[in-house]
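The next block holds one structure in the form of structure tokens; read it before the comments.
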Amino acid sequence: MFRGTAPYYARYRPAYPDELLEQLCAAVGLDGSGRLLDLGCGPGTIAVPLAARVAEVLAVDSEPEMLDELRRRAPPNVVALEANAEEVDPAWGRFRLATIGRALHWFDGERVLERLAVVTPSVALLGDSLDESEALCAVLDIARELLGDRPPMLAPGIRYEQALADSPFSAVEELWSMVDRTWTVDQLIGFAYSTSFASPLRVGDRREEFESTMRSRLRPHYRERLRVSALLGRRA
């Protein structure tokens, strides 16, 4: 589903704000010891910046290309594992925190959270709402128009806060930070290729048409101020 997107994901997906990551580290007491589990890690958007705050990160993804990209960027204490999130296993060991960034809707969320309860006391679901970004909504609207609906998600209507409240991690706290972003058309095209909507394989031989339509329909620049959050669930 995300095959071929890894280099675009690494380059064009926005990073999580340092302020938000610092809030998360403080909330769970990450102090350079212990281990972090990052599910659906992609190219390391969470695993790489948090690696300095733990002794080891186990970064898990089902896409080998994402893990290849991660290995190019990650420090030595980040261990890559090709697996599905639903395969969380006590044999992986214990973790101070498990993180999932913009991905729970691709998983069997109930099963993942139940399995995580055996290996960690805390789970953080990080992300921002695409619906609040005029630029990204425009990109996804064009992709949907040209290529059809996105590939089906396991849980398209999942509400992250409710998923945590209904799980063993039912003590939920929201952390958040505001970010300013500026997008150019080239960056938005790169972002499009990082998505399941418009992966390079899905666009295929319509790439010239796709990029031409993007350039004709998007503004040259977008400037936005958005809220990025982390829902921190702890075992009650």
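Bear in mind these aren't lab numbers, they're just calculated from the coordinates by the rules spelled out. Small disclaimer: the values here were computed from a predicted structure and weren't measured. Cβ: placed from backbone, ideal geometry, glycine included. Neighbour counts: every protein chain shown.
Whole number please: convex hull volume per residue of the Cα set in the chain, in Å³?
Roughly 110 Å³ of hull volume per residue.
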Using every alpha carbon pair in region 156-236, what percent of pairs falls into each 5 Å bin from 0 up to the bin containing the largest distance?
3, 12, 15, 13, 13, 13, 12, 10, 6, 2, 0
Can you give me the convex hull volume of the Cα atoms of region 10-119, divided per residue and expressed in Å³?
98
For labels at residue 91 and residue 217 in the simple 7 Å Cα→Cβ model, what's the distance in nm?
4.7
Note on region 63-106: alpha-carbon gyration tensor, axes a ≥ b ≥ c; rule is a/c under 1.5 for rounded, else prolate if a/b larger than b/c, else oblate; result oblate
Net charge near residue 54: determine it from the other residues with C-beta under 9 Å of the C-beta of residue 54, scoring Lys and Arg +1 and Asp and Glu -1.
+1
C-alpha long axis of helix 18-28 to longest principal axis of the chain, angle in °
20
Enumerate the amide H contacts of residue 176 below 5 Å, restricted to partners 5 or more residues apart or on another chain; note that Pro and chain-start residues carry no placed amide H.
230
